[in-house]
1. Which GluC sites (Glu not before Pro) does the chain hold that lie in a coil by DSSP with at most 14 other beta carbons within 10 Å?
2. Which lysines, if any, have their Cα less than 20 Å from the Cα of Lys10, not counting same-chain residues under 8 positions apart?
3. Hey, can you grab everything whose amide H is under 5 Å from the amide H of Val53? Only 5+ residues off in sequence or another chain; H modelled, so Pro and N-termini drop out.
4. If the elastic network links every pair of Cα atoms under 10 Å, which of Ile78, Ile67, Ile51 fluctuates the most in the Gaussian network model of the chain?
5. Quick check of the Kirkwood formula: for the range 5-98, what is the inverse mean of 1/r over all pairs of different Cα atoms, in Å?
6. Per-residue HN-Hα couplings for the range 19-27, Karplus 6.51 cos²θ - 1.76 cosθ + 1.60 at θ = phi - 60°, whole Hz, x for Gly and Pro?
7. Would you work out the charge dipole size for the chain about its Cα centre, treating the Cβ of every Lys and Arg as +1 and the Cβ of every Asp and Glu as -1, and quote it to the nearest 20 debye?
8. Most mobile of Gly81, Gly45, Gly16 per a Gaussian network model of the chain (Cα springs, under 10 Å)?
Amino acid sequence: MGFSHADRIKQSKRLGGMARILSQQGYDVVVDFVCPTKETRTAFGPPSILIWVDRVKSCRYQDTNLIWEEPRFVDVTISDGLTVEEEVELIMQKIEQVG
């Protein structure tokens, strides 16, 4: 697969579907995936917890920079200046809230 619009949508659907299948089988699932547009996020499907690692202002792939749309809603934002321990604490607090 490439980075065309159609490929990005297809890959988002695949990863989201695979995550849901594994979750339904009782596995804890973490998906590390760049969904640069609202459409790719919608294709992925609703996550239990959405963590946005907001550290990269411009990535090495110019095509992704050009289409990037900041997410409108996230559960946890990880930004510059936090220690690993602080990042883990933020995420664990959210996981406990979701239950």
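1. Loop-located and lightly packed - Glu69.
2. Here the lysines satisfying the reach criterion relative to Lys10 are Lys38.
3. Those qualifying (amide H under 5 Å, at least 5 residues apart or on another chain) are Ile78.
4. Ile67
5. Computed over Cα pairs of the range 5-98, the Kirkwood hydrodynamic radius comes out at 14.6 Å.
6. Each residue's phi maps through the Karplus curve to give 4, 5, 4, 5, 5, 5, 8, x, 7 Hz.
7. So the magnitude is around 640 debye.
8. Gly81
Bear in mind these aren't lab numbers, they're just calculated from the coordinates by the rules spelled out. Nothing here was measured: the structure is a model prediction, and the numbers come from that model. Here the Cβ is made from the backbone with ideal geometry for all residues, glycine too, and neighbour counts use every protein chain on show.
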